[in-house]
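Asker: I'd like to ask you about the structure that follows.
The values are calculated or read from the model by the stated rules, or taken from the named source; none is laboratory data. The model shown is predicted, which means the values in this text are computed figures rather than measured ones. Here Cβ is always computed from backbone atoms with ideal geometry, including for glycine, and neighbour counts include all displayed protein chains.
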Amino acid sequence: MKAGWHFASSRASWGGALAVCLLAGCASVGERSNTPILSGRLSVHVEGSGEAARNLSAHFELAGDAQQGSLSLSTPLGTMMAQARWAPQQALLATPQGQTSYPNMQTLMHDLLGVAIPLDALIAWLHGRPWLGATSRPTPAPGEAGFRQLGWQIMLARFDQGWVTARRLQTPVVLVRAQVDKP
């Protein structure tokens, strides 16, 4: 078992970490060399895939967009857990066990998690807004801030404090929580 991971296998562990970093945590928004940066802690919970539930908590730094970027995951003490880099038609995942190449970021995430995660949308959600590439609708519950998009419920009730929660409404259920630190 890897330090900071609660998954049964190292392959599933890195996938969960990746999903968590992409979907939730404590994040700060900044900018480095004209590349948008989100950073902070996040947690991801996946259940209902026929396997034991998987959980991940990590610090993350996400730079770029869905076309080209990088994602670093580390423990609360700063030890690097995984680093992903992607560009059109290639994604690389580096872990302490080595490096693996994928044709794209969606394939990397699906291979590791067994669940497709909409990277374009996730990045927009972490900024507290719907992704422009798909329709969205406001949350149906009165008094709840947020929206539904692509089969996910995005909850923004505490967005003023930096919190974003994204929940996949289909099985397997994926719950991502992030808190975005203000610049």
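Asker: Look through THR165, THR139, THR75 and report the one residue that is of a type outside the set (A, V, I, L, M), closer than 24 Å to GLY48 by Cβ and at pLDDT below 90. Quick ask: steps written out before the conclusion?
Answerer: Numbers: THR165 fails: at pLDDT below 90; THR75 fails: closer than 24 Å to GLY48 by Cβ.
THR139 is the lone residue from the list that is of a type outside the set (A, V, I, L, M), closer than 24 Å to GLY48 by Cβ and at pLDDT below 90.
Asker: Could you tell me whether GLU31 is at pLDDT below 85, more than 22 Å from VAL173 (Cβ to Cβ) and not polar (S, T, N, Q)?
Answerer: Working: at pLDDT below 85: yes; more than 22 Å from VAL173 (Cβ to Cβ): yes; not polar (S, T, N, Q): yes.
So GLU31 fits the description; yes.
Asker: If I ask for residues that are under 16 Å from the mean Cα position of the chain (by Cα) and part of a loop (DSSP other than H, G, I, E, B), which ones from the stretch 139-155 would you list? Lay out the reasoning, then the answer.
Answerer: Going residue by residue through the stretch 139-155, those that are under 16 Å from the mean Cα position of the chain (by Cα) are 149-155.
Answer for the stretch 139-155, where residues must be under 16 Å from the mean Cα position of the chain (by Cα) and part of a loop (DSSP other than H, G, I, E, B): LEU150, GLY151.
Asker: Another one. Among GLY128, GLY146, GLY162, which is surrounded by 20 or more Cβ atoms within 10 Å (Cβ to Cβ) and on the phi > 0 side of the Ramachandran plot? Reasoning before the result, please.
Answerer: On the way: GLY128 fails: surrounded by 20 or more Cβ atoms within 10 Å (Cβ to Cβ); GLY162 fails: surrounded by 20 or more Cβ atoms within 10 Å (Cβ to Cβ).
It is GLY146.
Asker: Look through SER72, SER43, SER57 and report the one residue that is surrounded by 14 or more Cβ atoms within 10 Å (Cβ to Cβ), in contact with a Phe, Trp or Tyr (Cβ under 7 Å, 6 or more places away or on another chain) and either of a type outside the set (D, E, K, R) or farther than 19 Å from LEU169 by Cα (or both).
Answerer: Working: SER43 fails: in contact with a Phe, Trp or Tyr (Cβ under 7 Å, 6 or more places away or on another chain); SER57 fails: in contact with a Phe, Trp or Tyr (Cβ under 7 Å, 6 or more places away or on another chain).
Exactly one residue qualifies, and that residue is SER72.
Asker: Could you give me the residue pairs with C-beta distances under 6 Å whose first residue belongs to the stretch 68-87 and is free of Cβ contacts under 8 Å to residues at least 24 places away in the same chain and closer than 16 Å to ILE123 by Cβ, whose second residue is surrounded by fewer than 19 Cβ atoms within 10 Å (Cβ to Cβ) and of a type in the set (A, V, I, L, M, F, W, C) wherever it lies, and which are 6+ apart or on separate chains?
Answerer: Close Cβ pairs (under 6 Å, with a partner that is surrounded by fewer than 19 Cβ atoms within 10 Å (Cβ to Cβ) and of a type in the set (A, V, I, L, M, F, W, C)) amount to GLN68/ALA87; ARG85/LEU92.
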